[in-house]
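The values are calculated or read from the model by the stated rules, or taken from the named source; none is laboratory data. What you see is a predicted model, and the numbers here were worked out from it, not measured in a lab. Here the Cβ is made from the backbone with ideal geometry for all residues, glycine too, and neighbour counts use every protein chain on show. Keep in mind that these areas ignore ligands, DNA and RNA; they rest on the heavy atoms of the full protein, side chains included. Shrake-Rupley method; radii C 1.70, N 1.55, O 1.52, S 1.80 Å.
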Amino acid sequence: MLSPNPILVALDVGTAEEAVRLAKTLGPHVGGFKVGLELMMGPGTATVAAVAALGQPVLADAKLHDIPTTVARAASQLGRLGARWVTVHAGGGSRMLGAAVDGLEQGSGGRRAGILAVTVLTSMTADDLAEVGVSGSPGRQTARLAKLAATAGCEGVVCSPEELGVIAQVAPRLLKVTPGIRPSGVTGHDQRRTAAPAEALQRGADYLVIGRPIVQARDPVGAAAAVLETTD
Ligand code: C5P
């Protein structure tokens, strides 16, 4: 694990000001932040730079999927903005993943940064995969894509808590970043396949992406501290 604190807070808010305010408040209590599509499509990717400037690692959850050259250039831009990690859909294939790795390295200018491959979205079932021509279970497809990600030089994967075991088996060196985390007693919101923080860490997660249970809590610092307490 890269940080003694495994919590990456998903800053799923509408403005850069709110994201920075939350990141300042939560900074000493968490391991880093995730800036997702809502912020990148609204206030823009400058939000990545604004949050990164506070000093904690930032995961730019751009979920890139395009031709290798375009993905390499996009990853390079996010590296320039200070992203510690950038997400890319593993389904784009090994040439695209490799291009993302190279682009991010170039843009980061010697600062440590890595690509996280999104394997199978946690929202997808076996039926959804069949619809797009992929036969087999989400676990099997995840294993295939995780191997691809490792071979292409990705630092890690984003996966559901249920897939942690299979990834540890097929690609043990990959960093495992896991959303769908719900402390016990907290609503699942729209997440379907969830795990409690301690359970996900026991299954091998390196980082836990947690959004609403912390961001929408009346006391976000208290909520983050409560999550950490359960993982001791
Ligand atoms: O609020 P919550 O804890 O559900 O937030 C989880 C975050 O992780 C959201 O930003 C969501 O977009 C993201 N995510 C996810 N499942 C994935 C990939 C990313 O929930 N497979």
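Listed values, structure above:
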read-out: Gain in span if fully extended, Ala198 to Ser137, counting 0.36 nm per residue against the direct Cα distance; value: 19.4 nm
read-out: Residue-span extension gain [Ala126 to His189] - 0.36 nm each, minus C-alpha spacing; value: 20.5 nm
read-out: Ile67/Arg112 FRET efficiency (R0 35 Å; Cβ-Cβ; nearest 0.05); value: 0.85
read-out: Average accessible surface area per residue within the stretch 1-112, 1.4 Å rolling probe, Å²; value: 44
read-out: Cleavage-rule hits, trypsin sites (Lys or Arg not before Pro), the stretch 139-180, DSSP coil, Cβ neighbours within 10 Å at most 15; value: Arg173
read-out: Separation in nanometres of the label points that stand 7 Å from Cα toward Cβ, at Met41 and Lys147; value: 3.4
read-out: Residue-averaged 222 nm ellipticity for the chain, from DSSP H runs of 4+ at -39500 (n - 2.57), nearest 500; value: -12000 deg cm²/dmol
read-out: Stokes-Einstein translational diffusion, the chain - Kirkwood Rh over all Cα pairs, 0.692 mPa s, 37 °C, in µm²/s; value: 187
read-out: Alpha carbon centroid spacing (whole Å) that separates the stretch 197-232 from the stretch 3-78; value: 18
read-out: The stretch 7-230 - percent of accessible surface contributed by carbon and sulfur, probe 1.4 Å; value: 50
read-out: Two-site label geometry, Thr25 and Asp219: point separation in nm, points 7 Å out along Cα→Cβ; value: 1.3
